[in-house]
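A quick write-up on the structure given underneath.
The values are calculated or read from the model by the stated rules, or taken from the named source; none is laboratory data. Just so it is clear, the model here is predicted, and its values are computed rather than measured. Backbone-built Cβ (ideal geometry, glycine too); neighbour counts: all protein chains shown. These area figures cover heavy atoms from the full protein model, side chains too; ligands, DNA and RNA do not enter into them. Shrake-Rupley method; radii C 1.70, N 1.55, O 1.52, S 1.80 Å.
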Amino acid sequence: MSEIILKARNIRKTYKEGKVSTEVLKNVNVDIYKDEITAIIGQSGSGKSTLLHVLGTLDSPDSGELIFNNENLLSLSANKKAQFRNKNLGFVYQFHHLLGDFSALENVMMPLLIADTPVKTAKEQALSYLQKVGLSHRVNYRPQEMSGGERQRVAIARALVNKPDLVLADEPTGNLDAKNAQEVFNLFTYLAKTEHLAVVMVTHDQNLASKCDRTYLMKDGVIDVQNS
Ligand code: ADP
Ligand code: MG
């Protein structure tokens, strides 16, 4: 059995808006394994995105523990969390979240530049990742000049270019038609395996989830192990 990279324990999170409070994560325990693609499924509103944000240190839980390779992430300062994310994590969203004023190449270079990589090296690495996602012919295109599938492939290149250990993806194919969704999913999972990444992928698509190594079901604020 492979090693655990990220362990979440007793995670609780309640949103409060005025007098209304919504308990979204009631007591979530989840293990994410190295070299595995973990799918998280569950109804809309069940807390999948909230959990993914907590796992990625983008959002803080009210209580609980988050252990990444023996390091307790919740005790890090905001600055240290940002450094941690830049170095160790990649994110892919349903809507590409690329910067519209920048080319595909510049978008993919961005995480490297934030990590103080010299421009020449950043460019070489970004070009290599754009090649891996099959977009060498689109490096100078801006997001609005590309198709939905191409934009998601740029977003995947951007998430992987820093060679993260863990990639968190929130419905990465949710905005694509069935054919493009399948292609982007196949590319993403192929790259995850060849680069030895751990991936957590939120998806609505039971068919895609069944192709992952492990599936967790988010229900009533807790995680159920579906299969593994
Ligand atoms: P999913 O991704 O499974 O569709 P979410 O994690 O986005 O679910 O949302 C879970 C619940 O938390 C929903 O009821 C949603 O309305 C609520 N929620 C999410 N984000 C916020 C927020 N920032 N403020 C208040 N409520 C929120
Ligand atoms: Mg969501």
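What to note about this one:
- Computed helical MRE - 222 nm, the chain, DSSP H runs ≥ 4 contributing -39500 (n - 2.57), nearest 500: -10500 deg cm²/dmol
- Computed with the Debye formula from one identical point scatterer per Cα of region 4-227, without solvent, the log10 of I(q)/I(0) at q = 0.15 Å⁻¹ comes to -0.99.
- Per-residue ³J(HN,Hα) for region 184-194, Karplus 6.51 cos²θ - 1.76 cosθ + 1.60, θ = phi - 60°, Hz, x for Gly and Pro: 5, 4, 4, 5, 4, 5, 4, 5, 4, 6, 5
- Cross-link pairs exceeding 32 Å in C-alpha to C-alpha distance, out of K19/K80; K19/K163; K13/K80; K132/K219; K13/K123; K26/K179, comprise K19/K80; K19/K163; K132/K219; K13/K123; K26/K179.
- In the context of the full set of protein chains, residues of the chain present 49 Å² of accessible surface per residue (probe radius 1.4 Å, heavy atoms only).
- In the chain, the longest principal axis of the Cα atoms and the axis of helix 104-114 are about 60 degrees apart.
- Degrees separating the helix 78-88 axis from the principal Cα axis of the chain, which is the longest one: 60
- Bridge type composition, the chain - antiparallel percent by DSSP, nearest 5: 55
- Listed values for region 36-43 are Karplus-derived 3J(HN,Hα) couplings in whole Hz (6.51 cos²θ - 1.76 cosθ + 1.60, θ = phi - 60°), namely 10, 9, 9, 9, 10, 10, x, 4, and x replaces Gly and Pro.
- Counted residue by residue at 0.36 nm each, then reduced by the alpha carbon distance between them, the extension gain from N70 to N27 reaches 13.4 nm.
- Under Karplus coefficients 6.51, -1.76 and 1.60, residue-wise ³J(HN,Hα) of region 133-149 in Hz, glycine/proline x: 8, x, 10, 4, 8, 10, 4, 9, 7, 8, x, 5, 9, 10, 6, x, x
- Region 1-59-region 143-159 distance, computed between alpha-carbon centres (Å): 26
- Stretched out straight at 0.36 nm per residue, the stretch from R12 to K193 would grow longer than its current Cα-Cα span by 62.0 nm.
- Rounded percent of accessible protein surface that carbon and sulfur make up, the chain, 1.4 Å probe: 47
- Electrostatic tally near M218: other residues with Cβ closer than 12 Å to its Cβ, Lys and Arg +1, Asp and Glu -1, net +1.
- Pairwise FRET efficiency - Q43 versus A82, Cβ, R0 = 35 Å, nearest 0.05: 0.65
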